Amino acid sequence: MMDPDVVYLVDGSSYVYRAYHAIKNLSNSQGLPTNAIFGFSRMTLKLLEDKNPRFMAVVLDAKGPTFRHEIFKDYKANRPPMPEDLQVQLPYIKKILEGLNLKCVERKGYEADDVIATLAREGEEKGYGVVIISGDKDFRQILSPAVSLWDTMKDSLLDYDTFQKEYGLRPDQIIDVMGLSGDVSDNIPGVRGVGEKTAINLVKQFGCLEEVLRRSDEIKRERLRGTLKEDRDLALLSKKLVLIDKFVPIDVKIEDLRVGIPDSRKLATIFGDLEFRDLQERFSLRDEVTGKNYRPVL
């Protein structure tokens, strides 16, 4: 049954990479790598089948640097470039989303996280519930009574109440926690020697990053007290970098995310070219009376 009051926002970049790493050595007879396409398609179709959403978007990272690189030139400097055998699969993934009649959103200069947060804010303001589908813990900062985070790979749902019980903080205080602990995967420095557990305890004690730094003399551990003073500027920089922008200038509204009827003919052709026989067959069926394509049972 369709839930008309929930907007599903898929972290498409996360989906793509998870599919790419989960499936190995898959290509069609022409030598085109297809592992990411296949995994992404199956995950997306399962989501459509399980939730039958009224509103849904798949958000991808746009090419090129973001505003965070302007703040800190070494942002994500330790990330390797996208593998070539994954790059060639992205156009097919976008064609499949188009065939499924699902909105695909990306905005140059911003990350998928920022676009998702912007759509989540708008959805909440319009009275919808919002489910962000991602394994990225950065999204914890935008949780609210209306916004939850669902990791489909682990089938783990983190909502507002669960977050508060687990962390003893408000969701927005995760920004202060991450400012202190940093993020190795994104090359965000934080404060040397401070992990998330220590950062959470500091924020619980002082309320926010700025107060931790201002009142660092009250901290009993000498070494921690010293690094907080020495890495003060890095901590403040890190807080800026981890803050997700909820006001990205995009020309997409919640109504634009309405899920349409898939173009079965287009999808059958694409899946046929990719040699996904099972998926091709699912979308090859047509209404024998009207001759029109219809939405198949996924």
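Every number in this text was worked out from the coordinates using simple rules, so none of it is lab data. These figures come from a predicted structure and were not determined experimentally. Here Cβ is always computed from backbone atoms with ideal geometry, including for glycine, and neighbour counts include all displayed protein chains.
Here are some notes:
- Spin-label pair Lys63/Glu84, simplified geometry with 7 Å Cα→Cβ offset, distance in nm: 1.5
- Signed unit charges on C-beta, dipole axis of the chain, positive-most listed residue Ala22, Val194, Asn35: Val194
- If you take the Cα centroid of the stretch 40-88 and the Cα centroid of the stretch 142-193, the two points sit 19 Å apart.
- For the stretch 118-135, 3J(HN,Hα) per residue [Karplus equation, 6.51 cos²θ - 1.76 cosθ + 1.60, θ = phi - 60°, Hz, x = Gly/Pro]: 5, 5, 5, 4, 5, x, 5, 4, 8, x, 8, x, 10, 10, 8, 9, 6, x
- Judged by the ratio a/c of the largest to the smallest principal axis of the C-alpha gyration tensor, the stretch 169-242 counts as oblate, that ratio being 1.5 or greater while a/b is no larger than b/c.
- Across the chain, Cα pairs under 8 Å and at least six residues apart give a relative contact order of 20 percent.
- Ranking of Thr269, Thr66, Thr118 by count of other Cβ atoms within 10 Å, fewest first: Thr269, Thr66, Thr118
- Summing Cβ point charges (Lys, Arg +1; Asp, Glu -1) relative to the Cα centre of the stretch 169-242 gives a dipole of roughly 240 debye.
- In Hz, Karplus ³J(HN,Hα) per residue of the stretch 276-281 (6.51, -1.76, 1.60; θ = phi - 60°; x = Gly, Pro): 8, 4, 5, 5, 4, 5
- Between Ala22, Ala117, Ala62, the residue with the greatest mean-square fluctuation in the GNM of the chain (Cα pairs under 10 Å linked by springs) is Ala22.
- Given in Å, the Rg to one decimal and the Dmax to the nearest whole number for the Cα atoms of the chain are 21.6, 80.
- For the stretch 90-126 versus the stretch 9-29, the gap between their alpha-carbon centres in whole angstrom: 17
- When shorter helices are ignored and each DSSP H run of at least 4 residues is given -39500 (n - 2.57), the per-residue value for the chain at 222 nm works out to -12500 deg cm²/dmol.
- In sequence order, calculated HN-Hα J values of the stretch 148-162 (Karplus, 6.51, -1.76, 1.60; Hz; x Gly/Pro): 10, 10, 10, 8, 5, 5, 9, 6, 10, 10, 10, 10, 4, 5, 4
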